[in-house]
Amino acid sequence: MASPFDVLGIDPDADDETVEDAYRARVKEAHPDHGGSVREFQTVRKAYERIRDGYDAADHAEETADPEVPEEAEREALDPDETRIQYLDYEVVQEKGWQLTDDDLFEKAAEAGLGTEEFGEFVIGSKQTLLEAAEDHGLVWPYACRGGACTNCAVAVVEGEMPMSSNHILPSSMTDRGIRLSCLTAPTSQEAKIVFNVKHLPGLDDLRLPLSRFNRAELDD
Ligand code: FES
């Protein structure tokens, strides 16, 4: 996984002014209206927030020390209110020519030498949404409104139970296929497998509101 400093193209010892200048330049380049993408934009924004919150080079070394999904026997036992989430980036699924319906999708991903930004696992507690838990683990997943209105945060639940607290936008034809909004969903099973970044799936693209609707004020600062 690229460190926040790599994302902004600066050294780990950069001063505050350099960080601010790099962020402003990168966030404009990365915006979908200027040739970037939602994902790239959010990666830059998250990198800036992490540096501002005190992230340093030592944090990065610790974070990337063990990118492997542990073997079953090595996994820690979960509390009753916790869920182990395995995640996979839909961009990888497309690049590899895999299908969401492949029975061995996550087994293939485990053997593909993917980075932790693309494939891995984390544990989520009972008081978090899936999106919040992913972010707490340093992952940058697409989102915009954080309130169930835009579908940028959509994920496909491949295994496990993951109801949404509310839903005003996804039709039943999608929820029946396991599509959920990560800003509104939380797992109820102890194990779950999800594919994130599925906003470009047929049908979802038509429902999606552009990121610019939610970030114009920030860009205009
Ligand atoms: S971030 Fe907009 S629906 Fe989840």
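Throughout, read-outs are computed from the coordinates displayed, never taken from laboratory work. Small disclaimer: the values here were computed from a predicted structure and weren't measured. We place every Cβ from the backbone using ideal geometry, glycine too, and count neighbours over all the protein chains shown.
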Env charge @ residue 34, Cβ radius under 12 Å, K,R +1 / D,E -1, value -1
Could you give the size of the charge dipole of the chain about its Cα centre, using +1 on the Cβ of each K and R and -1 on the Cβ of each D and E, expressed in debye and rounded to the nearest 20? 1380
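Once the piece of chain linking residue 101 and residue 59 is laid out straight, how much longer is it, given 0.36 nm per residue of separation minus the C-alpha distance between them? Let's see the in-between values first.
Numbers: separation 42, 0.36 × 42 = 15.12 nm, distance 3.63 nm.
Using 0.36 nm per residue and subtracting the Cα-Cα distance, I get 11.5 nm.
Could you order peptides 135-142, 203-210, 150-157 by the average number of other Cβ atoms within 10 Å of their residues, highest first?
150-157, 135-142, 203-210
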For residue 37 and residue 79, what is the calculated FRET efficiency with R₀ set at 35 Å and r taken between the beta-carbons, to the nearest 0.05? 0.40
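As a test of the definition: which semi-axes, in Å, follow for the chain when you take the square root of five times each eigenvalue of its alpha carbon gyration tensor? Largest first, please. Walk me through the numbers on the way to the answer.
Details: eigenvalues 153, 103, 52 Å².
Whole-Å semi-axes of the equivalent ellipsoid: 28, 23, 16.
For a distance above 20 Å, tell me the whole-number percent of Cα pairs in the range 111-221 that qualify.
39
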